[in-house]
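Everything below concerns the one structure shown next.
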Amino acid sequence: MQYEDFIEHDRIIDTIANYYDHPPAAYVHSFGCQQNVNDGEKIKGVLLQSGYNLTDNVSEADLVVFNTCAVREHAQQRVYGNIGALKKLKADNPKMLIAIGGCMVQQREVIDKLRKSFPYVDLVFGVNAIDKLPGLIAQRIRSKRRVLGEPVERYEVVENLPIHRDSSFKAWLPIMYGCDNFCSYCIVPFVRGRERSRKPEDILSEFRSLVQSGYKEITLLGQNVNSYGKGLEKKIDFSDLLALLAEQEGDFRIRFMTSHPKDASRKLIDTIASHDKICNNLHLPVQSGSNRILVQMNRKYDIAQYKGLIDYARQTIPQMTFSSDIIVGFPGETEEDFEQTMELVRQIRYVQLFTFIFSPRSGTRAAQLPDETPHQVKTERLGRLLKLQEEISREEAAALTGRTQRVLVEGPGREEGQLAGRLDNNLVAEFAGEKELIGQFATVTITGSKGIYLTAELVK
Ligand code: SAH
Ligand code: SF4
Ligand code: F3S
């Protein structure tokens, strides 16, 4: 479905313009993953087309949009805290509208809570209904009633939404939406709905226009990119898509996430090996080093398979680096299970690790499991894991000393006169250089490391 097909644009724009007595400004904040941030960019695009300007200052906003995340309880609490803080702003500016979108509002109990505890929230819009936002704003204005409704499951892929990207040189490019894996701890399949892939021709045309507009790093997004292509008319898998994009002309590099270990194939590794424009870094979330826990998590691979894939990747691409997500304190995780996770981390030597304490999500299977481990034990385990990873990250960074590498200069460094550039392997190097280099590729020689940052010198 194409965006232009059905919005009754003029009426909506008139309603919005007539409601405010000045050109209105919208503040959009995204709380979640890259997919969520990319949705936030589309929300901004749609609002710009509906007569709003954008502002970074919430206190001067005429419309506040929170694009929310439900993956852990902490993420939701942050959103509620931020909504709470809007109460005073709205009292000062009663015409201000508050819209809540994203993954949280796909849950009925969240909408109930907004209805009861946050009477100043004006409307909610579903995670797959960004195209409907202007119409809902107009409905709120015309009806003078809150537009909360019920969570709607909507699985259509809407192409050609306007987009206002946060960066002029790094872009997110979703290739698929939703997830069918139902890992037992995870809310994502419930809030994002069934997996569906974008057509390769739609992806390719967006990709080409990004390269033509000067984007240097394009990250392909999906909850499980390795199952790309299911249900499409054309027979294509993720490796084919990756090769198709990497063979396009232009000066760019490609990243992708996330790869589910059960679906990441040797063909994928071979494709990375045969294309220079694909970064040699694989984010391959393992979640736990214990086979027993992996079964409980419904992950559908075991540690031998996981290590087999990493061994193959290292043989094929010696400089390949890996990163991972790990959940600590899954229900029933014993000290022995946890020690297996520690051992795996020692063996794989990830360059980056994202660690989370298990957070029960209502409606998921894991939330029903008995969980007798005290929270304090979980935090203590997390502390041990973080300490181990810090040592590894430091050693891996130090081992890069003397290498000459290409970086994408992302912005100023932490000190005056310094720039920060991202390596192929996702680590950041800081070096002296002119601000004009921001947004460009540069070549640097690594001179050492300070914690997780590398120090470097510009070669050219
Ligand atoms: N689709 C991706 C990422 C999903 S969410 C994948 O499969 O890897 C990102 C990470 O959040 C997950 O990898 C997992 O480590 C973590 N996570 C998800 N649900 C969680 C929960 N209920 N408690 C703690 N961490 C969770
Ligand atoms: Fe969640 Fe698993 Fe899907 Fe990732 S693959 S989004 S962890 S259900
Ligand atoms: Fe992303 Fe959070 Fe939704 S991690 S998919 S924004 S629940």
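All of the numbers you see were taken from the coordinates with simple rules; none came from a lab. It should be emphasised that the depicted structure is a prediction, and the values quoted were computed from it without experimental measurement. FYI the Cβ positions are ideal-geometry reconstructions off the backbone, even for glycines, and counts take in every protein chain you see.
The peptide list 218-227, 113-122, put in order of mean Cβ contacts within 10 Å with the highest first, becomes 218-227, 113-122. Mind checking the angle between helix 375-398 and the chain's longest principal axis? C-alpha axes, 0 to 90 degrees, to the nearest 10. So the helix axis and the longest Cα principal axis differ by about 60 degrees. Counting only Cβ charges, +1 for Lys and Arg and -1 for Asp and Glu, the dipole size of the chain around its Cα centre is about 840 debye. Taking the Cα atoms of segment 334-406, the ratio Rg/Rh between the radius of gyration and the Kirkwood radius comes to 1.11.
Positive contributions from Lys and Arg (+1) and negative ones from Asp and Glu (-1), summed over other residues with Cβ under 11 Å from the Cβ of residue 219, come out at +2. Of all DSSP beta bridges in segment 150-286, what percent run antiparallel (nearest 5)? Antiparallel bridges: around 15 percent, rounded to the nearest 5. Within 10 Å of each candidate Cβ there may be at most 11 other Cβ atoms; applying that plus a DSSP loop requirement, which trypsin sites (Lys or Arg not before Pro) in segment 364-413 survive? Those that pass, being in a loop and sparsely packed, number zero.
Each 5 Å bin from 0 upward holds the following percent of the Cα-Cα pairs of segment 179-226: 5, 17, 21, 19, 14, 11, 10, 3, 0. Relative intensity of the chain on a log10 scale, I(q)/I(0) at q = 0.07, 0.10, 0.12, 0.13 Å⁻¹, equals -0.39, -0.82, -1.18, -1.35, per a Debye sum over C-alpha point scatterers of equal strength in the absence of solvent. Normalising the Debye intensity of segment 1-97 to I(0), with uniform scatterers on Cα atoms only, and taking log10 at q = 0.12, 0.16, 0.19, 0.20 Å⁻¹ returns -0.45, -0.77, -1.01, -1.08. A helix-only calculation puts the chain at -10500 deg cm²/dmol for mean residue ellipticity at 222 nm, using -39500 (n - 2.57) for each DSSP H run of at least four residues, averaged over all residues.
Rg and Dmax of segment 252-319, based on Cα coordinates, read 12.8, 42 Å.
Residue-normalised convex hull volume from the C-alpha trace of segment 183-270: 112 Å³ per residue. So what's Rg/Rh here for segment 167-320, counting alpha carbon atoms and using the Kirkwood radius for Rh? Across segment 167-320, the Cα-based Rg/Rh ratio is 0.97.
At a temperature of 25 °C and a viscosity of 0.890 mPa s, determine how fast segment 309-452 diffuses translationally according to Stokes-Einstein, using the Kirkwood radius over alpha-carbon pairs as Rh; express D in µm²/s, rounded to the nearest whole number. Roughly 139 µm²/s, to the nearest whole number. Taking the DSSP beta bridges with both ends in the chain, the antiparallel portion is around 35 percent. The angle between the Cα long axis of helix 303-316 and the main principal axis of the chain comes to about 70°, on a 0 to 90 degree scale.
Each 10 Å bin, from zero up to the one with the longest distance, holds this percent of the alpha carbon pairs of segment 312-376: 18, 40, 28, 13, 2. Taken as Cα centroids, segment 57-79 and segment 384-455 sit 31 Å apart, rounded to the nearest whole angstrom. Enclosing the Cα atoms of segment 62-189 in their convex hull gives a volume equal to 142 cubic angstrom per residue.
When only alpha carbons are used to place a centre, segment 299-330 and segment 111-145 end up 43 Å from one another.
Database remark: amide H of residue 281 closer than 5 angstrom to the amide H of 321 (H placed geometrically; neighbours at sequence offset of 5 or more, or on other chains; Pro and chain starts carry no H).
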